[in-house]
Amino acid sequence: MSWESRFGGVPTPAVFVDLAVARRNIERFQAYANAHGLAVRPHIKTHKLPEIARMQLDAGAIGVTCQKISEAVAMVDGCPAIRDVFITYNIVGEDKLARLVTLARRVRLAVVADSMAVAAGLSAAFAAEPEKLRVLVECNTGADRCGVASPAEAAALARRIAASPGLAFGGLMTYPPVGATAAVETFMRAAKALVEAEGLVVPVVSSGGTPSMMSAAEAPVTTEYRPGTYVYNDRSLVARGVASWDDCALTVHATVVSVPAENRAIVDAGSKALTSDLLGLTGYGHVLGRDDIAIDQLSEEHGRLVSTRPIGLSVGERVRIIPNHACVVSNMVDEVHLIDVNGTIARRPVVARGCIA
């Protein structure tokens, strides 16, 4: 049975997830982590689905990573098996701190801080709580986003966190740039030594990033790893050589709505379905089975397909597209269609969609 006949009853644009591929991706990295003594704490930002989180936990993940409190709450509500949550984002503001306290009463929770200004707010919120909040120091190992700039600053902040009411120093965390495994080892090993010289234990050294995940063991100071996109993969990861088209679990199905020229067609998936993220690429996705086609232009509801030869598509025909960036696609749709191993399709709401606070 062709894919068109299997999925043709679903209105487009629509997002499909092949659970067999997702499970294979999960098990592949879990096996690597197990072989190298790494704990796996996947980032749910890619899928935002309780079903996928449960698959990751069943495979051996120790808990999940989230960015925002609302995202964590949505996942915990949807998947009671989630009992350990790490929020890798500076929590600032009274409302957010109050919600963080409520979440901490439900699950084992850890957060990050890269300054005493952030840690002071956490301390004020948790000083009266019976359980201390675990706080990891975020370190900048080259991504130049958040994080303290040096191992010495990491040790100084760790000392102050450990001395703050309501807080417990939980370790070190980084989100490094692609290919920076050596930088992670250098920075985090130095920071760990300086923290230990302060008389503190460093229970966790947490790193992440799908593009570098299969070299994570080359930074043996790392104790846990936080991959996100690995569960679906996407065009950007295929371009980096860390996945193949067969490893891409998420596809956007689109319908041809116009063929205005011999080498050009328009589909009903624009920037609202495919994302305008380029991630260093040219074009906005890969049409499966048609290497000659480029998606060279998006407006909100239109995607333009062009080819160097006659495009050979007809109005009403469907195409499957692997987007540049799967994580953003998950956040743009209310529901996805899960394809089970037996070929059945189940519609599922993306429960953590739009959770930005």
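The values are calculated or read from the model by the stated rules, or taken from the named source; none is laboratory data. Keep in mind it's a predicted model, so treat the numbers as computed, not measured. Cβ atoms come from the backbone with ideal geometry, glycine included; neighbour counts cover every protein chain shown.
Considering only region 131-161, state which residues are of a type in the set (D, E, K, R) and touching a residue at least 40 places away in the same chain (Cβ under 8 Å).
Correct list: GLU138, ARG159, ARG160.
Restricting to region 196-221, what's the tally of residues that are under 19 Å from the mean Cα position of the chain (by Cα) and either modelled with pLDDT under 95 or not hydrophobic (A, V, I, L, M, F, W, C) (or both)?
Kept after step one, since they are under 19 Å from the mean Cα position of the chain (by Cα), are these residues of region 196-221: 205-216.
Subset that is either modelled with pLDDT under 95 or not hydrophobic (A, V, I, L, M, F, W, C) (or both): 206-212, 215.
Result for region 196-221: 8.
Every residue in region 222-238 that is farther than 30 Å from VAL201 by Cβ and either touching a Leu at 6+ places or on another chain (Cβ under 6 Å) or modelled with pLDDT under 95 (or both), please.
TYR232, SER236 - these are the residues of region 222-238 that are farther than 30 Å from VAL201 by Cβ and either touching a Leu at 6+ places or on another chain (Cβ under 6 Å) or modelled with pLDDT under 95 (or both).
Can you give me the number of residues within region 258-292 that are basic (Lys, Arg) and part of a strand (DSSP E or B)? Steps first, please.
Step one: of region 258-292, the residues basic (Lys, Arg) are 264, 272, 290.
With the extra rule that they be part of a strand (DSSP E or B), the set shrinks to 264.
Looking only at that region, the number is 1.
For (1) hydroxyl-bearing (Ser, Thr, Tyr); (2) farther than 15 Å from LYS68 by Cβ; (3) in a loop (DSSP other than H, G, I, E, B); (4) without any contact (Cβ under 8 Å) to a residue 24 or more places away in the chain, each residue gets a yes or a no:
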residue: ALA98; (1), (2), (3), (4): no, no, no, no
residue: LEU109; (1), (2), (3), (4): no, no, no, no
residue: ALA124; (1), (2), (3), (4): no, yes, no, no
residue: ALA128; (1), (2), (3), (4): no, yes, yes, no
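Here is a check on your reading of the model: is THR255 touching a Lys or Arg at 6+ places or on another chain (Cβ under 6 Å) and either over 17 Å from ASP18 (Cβ atoms) or at pLDDT below 95 (or both)? Steps first, please.
Numbers: touching a Lys or Arg at 6+ places or on another chain (Cβ under 6 Å): yes; either over 17 Å from ASP18 (Cβ atoms) or at pLDDT below 95 (or both): yes.
Answer is yes for this residue.
Matching residues to (1) under 16 Å from ALA352 (Cα atoms); (2) aliphatic (A, V, I, L, M); (3) out of contact with any helix residue (DSSP H, G or I) (no Cβ under 8 Å at 6 or more places or on another chain):
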| site | (1), (2), (3) |
| --- | --- |
| ILE26 | no, yes, no |
| THR46 | yes, no, no |
| LYS68 | yes, no, yes |
| ALA74 | yes, yes, yes |
| VAL107 | no, yes, no |
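A quick yes/no check of all residues on (1) farther than 24 Å from ARG348 by Cα; (2) touching a residue at least 40 places away in the same chain (Cβ under 8 Å); (3) buried (at least 22 other Cβ atoms within 10 Å of the Cβ):
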site	(1), (2), (3)
THR255	no, yes, no
ASN263	yes, yes, no
ASP268	no, yes, no
LEU274	no, yes, yes
LEU279	yes, yes, no
ASP292	yes, no, no
GLN297	yes, no, no
VAL319	no, yes, yes
ASN331	no, yes, no
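Out of all the residues in region 88-106, which are farther than 21 Å from ARG145 by Cα and among the aliphatic types (A, V, I, L, M)?
LEU97, ALA98, LEU100, VAL101, LEU103, ALA104
Any chance you could count how many residues in region 224-256 are over 17 Å from the mean Cα position of the chain (by Cα), assigned to a loop (DSSP other than H, G, I, E, B) and closer than 29 Å to SER314 by Cα?
So the count comes out to 1.
If we keep just the residues of region 299-313 that are among the hydrophobic types (A, V, I, L, M, F, W, C) and surrounded by fewer than 21 Cβ atoms within 10 Å (Cβ to Cβ), which is nearest to ALA326 (Cα to Cα)?
Let us first name the residues in region 299-313 that are among the hydrophobic types (A, V, I, L, M, F, W, C), namely 305-306, 311, 313.
Checking the rest, the ones that are also surrounded by fewer than 21 Cβ atoms within 10 Å (Cβ to Cβ) come to 306, 311.
Details: VAL306: 22, ILE311: 26 Å.
Among those residues, the one meeting the criterion is VAL306.
With the checklist (1) touching a Pro at 6+ places or on another chain (Cβ under 9 Å); (2) of a type outside the set (Gly, Ala, Ser); (3) crowded, with 18+ Cβ neighbours inside 10 Å in hand, flag the one item ASP77 doesn't pass.
ASP77 satisfies every listed condition except (3).
Within the set of pairs 6 or more residues apart or between chains, which connect a residue that is assigned to a loop (DSSP other than H, G, I, E, B) inside region 75-89 to a residue that is of a type in the set (Gly, Ala, Ser) with Cβ atoms less than 8 Å apart?
Listed pairs, sorted by first residue: CYS79/ALA53; ALA81/ALA53; ILE82/ALA53; ILE82/GLY63; ARG83/GLY63.
Being in contact with a helix residue (DSSP H, G or I) (Cβ under 6 Å, 6 or more places away or on another chain) and outside any strand (DSSP E or B) is the filter here, so list the residues in region 303-324 that pass it.
Selection gives PRO323, ASN324.
Which one is surrounded by the most Cβ atoms within 10 Å (Cβ to Cβ), of the residues in region 48-65 that are in contact (Cβ under 8 Å) with a residue 40 or more places away in the chain and under 26 Å from ALA168 (Cα atoms)? Don't jump to the end; show me each part of the working.
So the first thing to find is which residues in region 48-65 are in contact (Cβ under 8 Å) with a residue 40 or more places away in the chain, and the list is 48-52, 56, 62-63, 65.
Next, only the ones that are under 26 Å from ALA168 (Cα atoms) stay: 62-63, 65.
Working: ILE62: 16, GLY63: 22, THR65: 26.
Here the answer is THR65.
Which members of region 153-212 meet the condition of being surrounded by 20 or more Cβ atoms within 10 Å (Cβ to Cβ), of a type outside the set (Val, Ile, Thr) and part of a strand (DSSP E or B)?
Correct list: LEU167, PHE169, GLY170, GLY171, LEU172, MET173, SER206, SER207, GLY208.
Going through region 21-47 one residue at a time, which ones are among the small types (Gly, Ala, Ser), part of a helix (DSSP H, G or I) and surrounded by 13 or more Cβ atoms within 10 Å (Cβ to Cβ)? Talk me through it step by step, then tell me what you get.
Taking region 21-47 first, the residues among the small types (Gly, Ala, Ser) are 22, 31, 33, 35, 37, 39.
Within this subset, residues satisfying the condition of being part of a helix (DSSP H, G or I) are 22, 31, 33, 35.
Within region 21-47, ALA22, ALA33 qualify.
Output the residue which, of all residues in region 80-121 that are among the polar types (S, T, N, Q) and closer than 27 Å to GLN56 by Cβ, is surrounded by the most Cβ atoms within 10 Å (Cβ to Cβ). Walk me through how you get there before you give the answer.
Residues of region 80-121 among the polar types (S, T, N, Q): 88, 90, 102, 115.
With closer than 27 Å to GLN56 by Cβ added as a condition, the list becomes 88, 90, 102.
On the way: THR88: 22, ASN90: 18, THR102: 10.
My answer is THR88.
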